[in-house]
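Peer 1: Below you will find the structure I want to go over with you.
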Amino acid sequence: MRREFHWFPAAVTGAMLVYSLLPIVTFTLFSFNPSPFYAFPLTGFTTDWYVKLLADGRIGDSLVASVTIAASVMVAATVIGTMFAFFVVRAAVPFKRVLAGLGFLPLVVPVLVLAAGLQVTFVEIGLPLGFGTVILGHVIYATPFVTLMVMAPLYRYNPALDAAARDLGAGPFTTLRLVTLPILWPGIRSGALLAFLLSFNEWAIAFFTGRGVNSLPMLVYSLQRNGLPPTVLAYAALSTAVVAIAALAVLPLVTRLLRGSK
Amino acid sequence: MTVSPLRKGHALEIDKVSKAYGHFLAVDDVSLAVEPGEIVAILGPSGSGKTALLGMVGGRIAADGGDIRIGGNSVMGLPPEKIDAATVFQDYALFPHLSVLENVGFGLRVRGVAKAEARKRALEMLAIVGLEALADRNIAQLSGGQRQRVATARALAVHPGILLLDEPLGALDRQIRGRLQEELARLLRRLNVTALLVTHDQEEAFTMADRIAVMQGGKLEQYGPPAELYRWPATEFVATFLGNGTIVEGRRAGGTDDLPLFEVAGAFVVARSRVAVGASARLLVRPEHVEVGPAGSQPAPTWRDARLAGVVNTGGTSRLTLEIAGTTLEALSLGGFDLVPGQTVDCTLAAEAAVVL
Amino acid sequence: MNETWRSWLSGTPWLLMIGCFFILPLAGLLLMSFSGEGGFPSLDNYRVVLGEGSDRPAVLLRTIGTALSVVLLSIAIAVPAAYYLAKCVLSARVQAAVLALVAVTFLVGPLVRTVAWRGILGRSGLVNTVLQGLGVIDEPIMALLYGRPAVIVAMTYNAFPFMLFTVFLAMKMIDDRYLAAGRDLGAGPATVFWRIVLPLAAPGIWTGAILVFVPTISTVLEPEILGGTSGRLAATEIRDQFFHALNWPMGSTLTIVLIVAGGVAILALALVTAALARLSGRIGIAMRAGSTGAGSAR
C-alpha cells in the first residue's frame with residue numbers, strides 16, 4: 001500500500017508528543033535543580049532532593065501504605081475483573097446485556113461521586129474508614145478497566161481450544177488453568193498492571209474514604225499545598241521512571257496486538 | 001449507455017513495469033497492452049504478482065520502473081484519485097456507513113457532480129445492474145452476489161477509462177460464481193467497457209476474457225486469446241496451469257519443416273516445431289487428444305500395447321493413466337466402457353495434437 | 001445446568017460488589033439529598049441549590065462548559081494524531097511506541113501531572129522564560145497560571161489519552177480498503193478522511209468523549225492547583241460541603257445535580273455528534289432523510 005506523508009496529522013502528532021512530554025521533562029529537570037523553587041532559572045545540578053526524599057520518613061510510610069493498597073487492589077480487581085470478563089463474553093443468562101452494562105457503570109460515573117457515595121455508605125453502615133475502605137473503593141474504581149483489558153483477548157479466543165483440551169481428558173478447571181488462562185495471560189497481566197497504577201495514583205477515593213490513611217498521592221497533595229518542595233518533583237521523576245520500566249515490559253505485547261488487528 | 005468513447009490507440013499500456021519489495025521481485029519487467037473495449041484477465045497463482053500489477057495501474061502501489069499509460073497518458077506517480085481507472089475490490093470494500101445508492105453515487109459526488117445529477121446517474125447505473133429496487137438498502141442487508149453488482153456499479157458510475165477487477169467473484173459460492181461470470185462479462189461487453197481482471201481461477205479467466213495474461217513469479221509467461229493459450233502454450237507453466245496434460249520427453253526424428261516428426265515413447269508424432277533433427281524436446285499431450293480403445297479396436301493406433309495403469313471414473317468421463325514404453329500419459333475417455341486396470345489397450349493421438357514447448 | 005452455574009459464578013462477585021458499593025452508595029446519596037432541615041423527605045436542599053439568588057446554576061454551567069471545551073480540545077488533538085498513527089504510519093512498532101509514551105505520561109497520575117504545569121506556566125515558568133529569552137515579551141505573562149486557561153490545559157492533558165486510545169482503536173479497525181476504494185473513486189485524502197474515516201470512527205470518538213467528560217466534571221485537582229481565584233467548579237463545592245461545611249445532605253444534593261447536569265450534557269453532545277457524523281458521512285443523495293440507518297431494515 002502506498003502511504004503518503006500528510007503534514008497536518010503528522011504535525012498534530014508531533015505537537016501531541018511535545019504536549020505529553022513537556023511537563024514530565026520539566027519536572028524531571030527541576031528535580032535536579034538546587035533552587036528550592038519550581039521556577040527558572042536552572043542554577044546547577046544536584047541530587048540533594050532525591051537524598052532528602054529518601055531520607056524523609058513520611059515518604060517511606062506513605063510508600064508502604066500506597067503499595068499495600070495498590071497490591072491488594074491489584075489482586076482483588078484482577079481476579080474479580082477477569083471473572084467478569086468471562087461473564088460478559090461467555091455467559092448465557094437472561095438479561096446479560098443489562099447486567100454487563102451495570103458492571104461497567106463505574107466508568108461513566110465521576111470518581112468524586114463514587115467517593116462521596118462510598119463515604120456516606122461506609123459511615124451509615126458503621127464501617128470504620130481506613131485501609132479496608134480505600135481498598136474497597138479502589139477495587140470498584142479499577143475492576144472495569146481490568147475487565148476491558150481481558151475482554152479483548154477473550155473475544156478473540158477460539159473456543160475450540162477448550163473443546164480440544166476437554167476432549168483430551170482435562171476437566172473444566174484443569175482446562176482453565178492449563179489452557180485458557182495461559183493464553184489470556186498477557187491481557188490479564190496488563191489489566192493487573194493498570195489496576196495497580198490506577199490505585200497507586202488515585203487521590204479522590206482515598207481522600208474521602210481513608211481517614212488516617214496517608215497514601216503517596218495524599219502526601220503529595222498536602223506537600224504541594226505547602227509550597228511544593230522539590231522533593232515532590234524528585235518523587236514525580238522517580239515514579240515516572242517506575243511506570244516507564246513497567247511499560248517497557250508490556251510494549252512487545254502491544255506491538256503484537258497491533259500487528260494482529262491489522 | 002456507452003462507457004468508453006471511441007479512442008485511438010491502446011486503452012492501457014503497461015510498459016516494462018517492475019516492482020520489488022526488498023529483495024523480492026513482485027513484478028518483473030512486465031509489458032502488456034489492452035485495446036479499447038477489451039476484457040483482459042491476468043491469471044496466475046497467488047504470489048505471482050498479478051495483484052501488485054493491478055495496484056500499480058490503480059495508483060495504489062508505486063512502480064519501481066517502467067511506464068503505465070491509460071488512454072495514452074502516463075499515470076506514473078499520480079495519486080489514485082487522479083487516475084482514470086476504477087476498481088472493483090476484492091471483497092468489494094463497499095462503504096458500510098453508506099446506502100447502496102450512496103455507494104454508487106460516491107465517486108460522482110466527490111468529483112463534484114451536483115447532488116441531483118449524481119443521484120440520477122447512480123440510479124441509472126443501479127438499473128443497469130438490476131438493483132434499482134435496493135437503492136435504499138444498507139450494505140449489510142445484501143447478498144454476496146448483490147454486493148458484487150453494487151461494487152461493479154460503483155466503479156462504472158465514474159465512467160473510468162479502464163475498469164480494474166480484483167478477484168471480482170472470488171468471495172462467492174461456487175454455484176453462483178459461474179452464472180455471475182457470464183452475467184458480468186455480458187454487462188461489460190454491452191457497455192463496451194475496457195476491463196483488466198485479476199484472477200487465480202482459470203475458469204473465470206476463460207469465461208470472461210478476450211485475452212489472458214498468465215503470470216508466474218512476477219513474470220508475464222504468455223499473453224493471448226484463451227483458445228490460443230490453451231492450444232499453443234509457450235511455456236511448461238502455462239501448459240500445466242491451464243488445463244490438464246502430460247509433458248513427455250521426445251526427440252526430433254526427422255520430417256520436413258512443414259511436417260516435423262518427433263519420436264515419443266517409440267512412436268512417431270507430428271508437432272509444429274523448429275527444433276533441429278536429433279535434438280530432444282518436451283511435448284505437451286492433452287488428455288482429451290488421446291483416444292483409447294481395447295487392444296485391436298483401432299485400425300492405426302499411435303501406440304499399441306499400452307498398459308492401462310489406472311482408471312478413475314468421474315461421472316460422465318473417465319481419467320485414464322497409460323504406461324507406454326516407460327512413459328506415463330493421461331487420457332480422457334467419454335462414457336465408462338469396460339476398461340479395467342492392467343489391460344492392454346490401443347491409443348491414438350489426434351493429428352497435430354502434441355505441442356512442443 | 002452446569003453451564004448456567006458457571007455463568008453465574010463468573011458474574012456474581014462483581015455484580016454483588018456493584019450492588020453493595022456502587023448502586024447502594026448512589027442510592028444513599030440520592031436519599032440523603034432529600035433530607036433537609038424540615039426532616040425527610042424534603043426538597044429544601046434542591047430549593048437552596050437551584051432557587052433564586054443561588055450562584056450554583058452558574059457554577060454548574062461553568063463546570064459543564066469547561067468539561068465540554070476539554071472534550072473538544074481532546075478531539076482536536078487525538079483525532080488527527082490517531083488518524084496519523086492508525087492510517088498513515090505503517091509500522092506497528094512506531095504505533096506502539098507513541099501510544100506507550102502517551103500511556104506512560106498518563107499513568108504517572110493526575111496529581112503529579114497537574115502540579116507539573118506550575119513550572120511551565122508560572123511567572124518564571126518555561127513558557128515565560130522562553131518567550132522572554134526570544135525577546136517576544138518583556139514582562140512575564142501572569143495570566144498563564146492561576147486561571148481558566150491553565151485549568152483547561154491541565155484537564156485536557158489529564159484526560160485526552162482516553163480519547164487517543166479509543167479513537168486509535170476505532171480507526172485501526174477500519175479496513176484500509178475502504179480508504180483505497182475512496183481514493184480509487186476520485187476522492188482526495190482530505191475527502192476520504194471526512195467522508196469515510198470520520199463517520200466510521202464516530203463510535204470511538206463518542207466513547208472517548210464520555211471517558212474524557214466524566215472524570216473532567218468531577219476533578220478537584222486542576223482548579224485547586226492551577227485555578228487560582230478563577231470561578232469555582234462544581235466538584236470543588238461538593239468536596240467542600242463534605243469536608244469543610246460538613247453538610248452531607250447539601251453535598252449529596254450537589255452531587256446529584258452534577259450527575260443530572262452531566263447526563264443532560266452528554267445527551268446533548270450525543271445528539272450534536274450524531275448529527276455531525278451524519279453530515280460528514282452522508283453525501284446528500286439518500287432516497288429520503290435518515291433512510292439508510294438501521295431503521296430501514298425490513
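Peer 1: Within 10 Å of each Cβ in peptide B:111-122, how many partner chain Cβ atoms are there on average? Round it to a whole number, please.
Peer 2: For this peptide, the per-residue mean of nearby foreign Cβ atoms is 2.
Peer 1: Taking amide H positions as placed in the peptide plane 1.01 Å from N, state which residues far from residue B:137 in sequence (5 or more) or on other chains have amide H under 5 Å from it.
Peer 2: Placed amide hydrogens put B:100, B:101 under 5 Å from residue B:137.
Peer 1: Sticking with this one: Give me the 1.4 Å probe accessible area per residue for region A:110-245, excluding ligands and nucleic acids, in Å².
Peer 2: I get 39 Å² per residue for region A:110-245.
Peer 1: For chain A, modelled as a GNM with alpha-carbon contacts under 10 angstrom, which of A:171, A:137, A:187 fluctuates the most?
Peer 2: Comparing A:171, A:137, A:187 in the GNM, the peak value goes to A:171.
Peer 1: Taking amide H positions as placed in the peptide plane 1.01 Å from N, state which residues far from residue B:39 in sequence (5 or more) or on other chains have amide H under 5 Å from it.
Peer 2: Amide H to amide H, under 5 Å and 5 or more residues apart or across chains, residue B:39 pairs with B:195, B:210, B:211.
Peer 1: Could I ask something else about it? Please tell me the relative contact order of region B:246-356 in percent, rounded to the nearest whole number, where contacts are Cα pairs under 8 Å and at least six residues apart.
Peer 2: Worked out over region B:246-356, it gives 31 percent.
Peer 1: In what order, largest first, do B:89, A:8 sit by accessible area if the probe radius is 1.4 Å? Show your work: numbers first, answer last.
Peer 2: Details: B:89 10, A:8 115 Å².
Sorted descending by solvent-accessible area, the residues read A:8, B:89.
Peer 1: What accessible area, summed over both chains, is buried at the C-B interface (1.4 Å probe, Å², nearest 100)?
Peer 2: Counting both chains, the buried surface is close to 3000 Å².
Peer 1: Karplus couplings for region C:263-273 from phi (6.51 cos²θ - 1.76 cosθ + 1.60, θ = phi - 60°), rounded to Hz, Gly and Pro as x?
Peer 2: Per-residue couplings from phi come out as x, 4, 4, 5, 4, 4, 4, 4, 5, 5, 4 Hz.
Peer 1: So how exposed is residue C:172, as accessible area in Å² (1.4 Å probe, rounded to 10)?
Peer 2: 20
Peer 1: Each residue of region C:185-196 in order: what ³J(HN,Hα) in whole Hz does its phi give by Karplus 6.51 cos²θ - 1.76 cosθ + 1.60, θ = phi - 60°, with x for Gly and Pro?
Peer 2: Couplings: 7, x, 8, x, x, 5, 4, 4, 4, 6, 8, 10 Hz.
Peer 1: For a test of understanding, tell me how many lysine pairs in the protein assembly as shown have Cα atoms under 20 Å apart, given they are 8 or more places apart or on different chains.
Peer 2: Taking the Cα cut-off of 20 Å, the pair count is 8.
Peer 1: Further question on the same structure: For region C:122-166, list whatever residues lose no less than 20 Å² of accessible surface once every protein chain is in place, relative to that chain by itself, with the probe at 1.4 Å.
Peer 2: Buried by 20 Å² or more upon assembly, which counts only protein chains, are C:124, C:126, C:129, C:157, C:160, C:162.
Peer 1: If you don't mind, there's one more thing I want to ask. Under the definition of partner shielding as Cβ atoms of other protein chains within 10 Å of a residue Cβ, what is the mean value for peptide C:222-231? It would help to have the intermediate numbers written out before the result.
Peer 2: Values: counts 0, 0, 3, 4, 0, 0, 0, 0, 0, 0.
Taking the mean over all residues of the peptide, I get 1.
Peer 1: So, one more: Just how much of residue B:223 is accessible, in Å², when a 1.4 Å probe is used and the result is rounded to the nearest 10?
Peer 2: 50
Peer 1: Viscosity 1.567 mPa s, temperature 4 °C: what is the translational diffusion coefficient of region A:45-96 from Stokes-Einstein with a Kirkwood Rh over Cα pairs, rounded to a whole number of µm²/s?
Peer 2: On the way: Rh = 14.4 Å.
For these conditions, the coefficient is 90 µm²/s.
Peer 1: Using a/c under 1.5 as the rounded threshold, could you call chain C rounded, prolate or oblate? The axes a ≥ b ≥ c are square roots of the C-alpha gyration tensor eigenvalues, and prolate needs a/b larger than b/c, oblate otherwise. Write out the running numbers ahead of the final one.
Peer 2: Numbers: a/c = 1.77, a/b = 1.18, b/c = 1.50.
Oblate.
Peer 1: In the protein assembly as shown, carbon and sulfur make up what percent of the accessible area (probe 1.4 Å)? Walk me through the numbers on the way to the answer.
Peer 2: On the way: 24800 of 39210 Å².
With neighbouring chains kept in place, the figure for the protein assembly as shown is 63 percent.
Peer 1: For a quick protection proxy, order the peptides C:258-264, B:213-219, C:88-94 by their average other-Cβ count within 10 Å, most packed first.
Peer 2: B:213-219, C:258-264, C:88-94
Peer 1: Right, here's the next one. Which three extents, in angstrom, do the Cα atoms of region B:125-185 have along their principal axes, listed largest first?
Peer 2: Principal-axis extents of region B:125-185 (Cα, largest first): 29, 28, 17 Å.
Peer 1: Let me ask something else. So which residues of region C:1-22 lose at least 30 Å² of accessible area, probe 1.4 Å, when you go from the chain by itself to every protein chain present?
Peer 2: Buried on complex formation: C:6, C:7, C:8, C:10, C:13, C:14, C:15, C:17, C:18, C:21, C:22.
Peer 1: Let me ask something else. Output the residues of region C:51-87 meeting this criterion: accessible area (heavy atoms, 1.4 Å probe) in the chain alone minus accessible area with all protein chains in place is 30 Å² or greater.
Peer 2: When all protein chains are present, C:77, C:80, C:81, C:84 each give up 30 Å² or more of accessible surface.
Peer 1: Do you know the relative contact order of chain C, to the nearest whole percent, from alpha carbon pairs under 8 angstrom that are 6+ apart?
Peer 2: Reported relative contact order: 25 percent.
Peer 1: Here's a follow-up. Ignoring ligands, DNA and RNA, what accessible area per residue does region C:57-293 give at 1.4 Å, in Å²?
Peer 2: Accessible area per residue: 36 Å².
Peer 1: Let me know the shape class of chain B, please: from the alpha-carbon gyration tensor, a ≥ b ≥ c as square roots of the eigenvalues, rounded when a/c is under 1.5, otherwise prolate if a/b is greater than b/c, or oblate.
Peer 2: Note, shape of chain B comes out prolate.
Peer 1: Quote the total accessible area buried by chains C and A together, excluding ligands, DNA and RNA, probe 1.4 Å, nearest 100 Å². Spell out each step's value before the answer.
Peer 2: Values: alone 17880 and 15990 Å², together 25980 Å².
That pair hides around 7900 Å² of surface in total.
Peer 1: For region C:1-93, what does the relative contact order come out to in percent, with C-alpha contacts under 8 Å and a separation of six or more?
Peer 2: So the answer I get is 9 percent.
Peer 1: May I pose another question? Over all alpha-carbon pairs of the protein assembly as shown, lay out the pair-distance distribution in 20 Å bins, whole %, shortest bin first.
Peer 2: 12, 32, 29, 18, 8, 2, 0
Peer 1: Counting heavy atoms of the protein chains only and a 1.4 Å probe, report the per residue accessible area for chain B as a whole number of Å².
Peer 2: Ligands and nucleic acids excluded, the figure is 42 Å² per residue.
The values are calculated or read from the model by the stated rules, or taken from the named source; none is laboratory data. It should be emphasised that the depicted structure is a prediction, and the values quoted were computed from it without experimental measurement. So basically every Cβ, Gly included, is an ideal-geometry build from the backbone, and we count neighbours across all protein chains shown. For the accessible areas, the whole protein counts, side chains as well, though only heavy atoms, and no ligand, DNA or RNA atoms are used. Shrake-Rupley method; radii C 1.70, N 1.55, O 1.52, S 1.80 Å.
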